[in-house]
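Trainee: I have a structure I would like to understand better, so I am pasting it below and will then ask my questions one at a time.
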Amino acid sequence: MQLLDGKFASEKIKLEIAAEAAEFTAQTGRKPHLLAILVGNDGGSETYVASKMKNCEKVGFESSLVRYDTDVTEEELIQKIREINADAGVDGMIVQLPLPKHIDPEKITDAIDYRKDVDGFHPVNLGRMMRNQPCFIPATPYGILLMLQAYGIDTTGKHCVVVGRSNIVGSPMSILMARNANPGNCTVTLTHSKTTNLKEMVLQGDIVIAAIGRKNFVTADMVKPGAIIIDVGINRETSETTKSGYKLYGDVDFENVAPLASWITPVPGGVGLMTIVGLLKNTLASAKKEIYQ
Ligand SMILES: Nc1nc(=O)c2c([nH]1)NC[C@@H]1CN(c3ccc(C(=O)N[C@@H](CCC(=O)O)C(=O)O)cc3)C=[N+]21
């Protein structure tokens, strides 16, 4: 078993991003700028947004955080998004999910100018991804592609089984792994909570991408020996033995699956760190107008 080390891969790519950001700043006199909107104070969201901001600083980006209380209205939020759409000093904008129940996340996503949608959630970016046109790829799927690339893993001809069909991970991941590219060129099976013979399906995977949001969902009896295992899960449980007060669990039973796998991502220290790299790369591409003019 070999570890797909998100710490190692993300640090390596961040050095490249920092060099490109420095060049951009030398040429334009400004830094690439990512703005995040955070509503409420969900523990996970606080951690991830703080990490995004810190990583911006690390690679020489400007970052801004706009905060709202949980009771902010949809209209107020959309008004702010429109303001930021019009602000030429902002290259990328994200609205951290999940949002409070009274706010429709699709309305919010649709309000973001697709040219600043570095999360890649806007219908224009999703549609362009389907057509294999230049676009912002959703940060987590993008991070997974970068991870496979960093370790030189050839995915061509392999059977990739994706577990979970969310709009932000499972669905886009299945499209990206099937397309004519490397990473890509896979035969893809997209499974989910209503798949009847899930164990048999996952057992066929040369590559398994677990993104179903349930702790230790993928167990050793479901994994073909030699498979490549990508764990997208970030299931938090409170813990009295850790300094942070919580412990993270993946969607994969790492302890029992790792000995079977050829490659496997840990949680923490795997896909989460690459998600941030995907976001930074999209923001840089936006600043450099590599995707949209
Ligand atoms: N609009 C939006 N865009 C997102 O990209 C988005 C989102 N909403 N909502 C939630 C998910 C989740 N996500 C993570 C980012 C970093 C880590 C990360 O850095 N994880 C560290 C550990 C972090 C910890 O200790 O909690 C690791 O896995 O090693 C994890 C998860 C981004 N998401």
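Trainee: Report, to two decimal places, the Cα Rg of segment 1-85 normalised by 2.2 N^0.38 Å (N = number of residues).
Mentor: Scaled against compact globular proteins, the figure is 1.36.
Trainee: Continuing with this model, one more query. If you put +1 on each Lys and Arg Cβ and -1 on each Asp and Glu Cβ, how big is the dipole of segment 27-115 around its Cα centre, in Debye rounded to 20?
Mentor: It comes to approximately 480 debye.
Trainee: Given just the C-alpha atoms of the chain, how large is their convex hull per residue in cubic angstrom?
Mentor: Cα-based convex hull of the chain, divided per residue, equals 131 Å³.
Trainee: List the residues, sorted by chain then number, that are 5 or more residues from residue 189 or on another chain and whose placed amide H is less than 5 Å from its amide H.
Mentor: 160, 161, 162
Trainee: Let me ask something else. GNM on the chain, C-alpha springs below 10 Å: top fluctuator among 182, 167, 125?
Mentor: 167
Trainee: Can you give me the relative contact order of segment 139-273 as a percent, contacts being Cα pairs under 8 Å and 6 or more apart?
Mentor: It rounds to 21 percent for segment 139-273.
Trainee: List the trypsin sites (Lys or Arg not before Pro) in segment 64-152 that DSSP assigns to loop (not H, G, I, E or B) and whose Cβ has at most 12 other Cβ atoms within 10 Å. Which are they?
Mentor: Answer in residue order: 101, 131.
Trainee: Let me ask another. Simple spin-label model, 7 Å along Cα-to-Cβ: residue 180 to residue 87 in nm?
Mentor: So the two model labels end up 4.2 nm from each other.
Trainee: Can you work out D for segment 44-102 in µm² s⁻¹ from Stokes-Einstein, where Rh is the Kirkwood radius over C-alpha pairs, the temperature is 37 °C and the viscosity is 0.692 mPa s?
Mentor: This corresponds to a translational diffusion coefficient of 255 µm²/s.
Trainee: Can you find, among 166, 208, 220, the residue farthest towards the positive end of the dipole of segment 157-237? Put +1 on the C-beta of Lys and Arg, -1 on that of Asp and Glu.
Mentor: Towards the positive end, the residue furthest out is 166.
Trainee: Nearest 20 debye, what's the magnitude of the dipole of the chain about its Cα centre given +1 on Lys and Arg Cβ and -1 on Asp and Glu Cβ?
Mentor: For this selection, approximately 500 debye.
Trainee: On the accessible surface of segment 27-115, probed at 1.4 Å, how many percent belong to carbon and sulfur atoms?
Mentor: Values: 2150 of 4560 Å².
So the carbon and sulfur contribution to the accessible surface is 47 percent.
Trainee: Taking the Cα of residue 65, stepping 7 Å toward and past its beta carbon, and measuring to each backbone N in segment 1-43: which are under 19 Å?
Mentor: Taking a point 7 Å out along Cα→Cβ of residue 65, the residues of segment 1-43 whose backbone N falls under 19 Å are 33-43.
Trainee: A follow-up question, please. Work out, step by step, the length gained on full extension between residue 224 and residue 153: first 0.36 nm times the residue separation, then minus their alpha carbon distance; give nm to one decimal. Don't jump to the answer; show the numbers that get you there.
Mentor: Numbers: separation 71, 0.36 × 71 = 25.56 nm, distance 1.75 nm.
Taking 0.36 nm per residue and subtracting the Cα distance, the gain is 23.8 nm.
Trainee: Over all alpha-carbon pairs of segment 139-273, lay out the pair-distance distribution in 5 Å bins, whole %, shortest bin first.
Mentor: 2, 11, 21, 25, 21, 11, 5, 2, 1, 0
Trainee: Between residue 243 and residue 75, what FRET efficiency follows from the Cβ-Cβ distance if R0 is 41 Å, with the result rounded to 0.05?
Mentor: Approximately 0.50, to the nearest 0.05.
Trainee: Still on this structure, I have one more. If you keep only loop residues by DSSP, which trypsin sites (Lys or Arg not before Pro) in segment 146-206 have at most 11 other Cβ atoms within 10 Å of their Cβ?
Mentor: Working: sites: 158, 165, 179, 194, 199; in loops: 158, 165, 179, 194.
The qualifying sites are 194.
Trainee: Then there's this: Please go through the residue pairs 52/288; 12/215; 14/158 and name each one whose alpha carbons sit more than 25 Å apart in this structure. Kindly include the intermediate steps, with their values, before the conclusion.
Mentor: On the way: 52/288 20 Å; 12/215 29 Å; 14/158 29 Å.
Where the Cα-Cα span goes over 25 Å, the pairs concerned are 12/215; 14/158.
Trainee: Per Stokes-Einstein, at 20 °C and 1.002 mPa s, what whole-number D in µm² s⁻¹ belongs to segment 201-256, with the Kirkwood radius over Cα pairs as the hydrodynamic radius?
Mentor: So the translational diffusion coefficient is about 180 µm²/s.
Trainee: Extending each Cα 7 Å along its Cβ direction at residue 47 and residue 214, get the distance between those two points in nm, one decimal.
Mentor: Distance between label points: 2.2 nm.
The values are calculated or read from the model by the stated rules, or taken from the named source; none is laboratory data. Values in this document were obtained by computation on a predicted structure and should not be read as measured data. Counting neighbours? That spans all protein chains shown, and the Cβs are built from the backbone with ideal geometry, glycine included. Please note that ligands, DNA and RNA were not included when accessible areas were found on the heavy atoms of the full protein model with its side chains. Shrake-Rupley method; radii C 1.70, N 1.55, O 1.52, S 1.80 Å.
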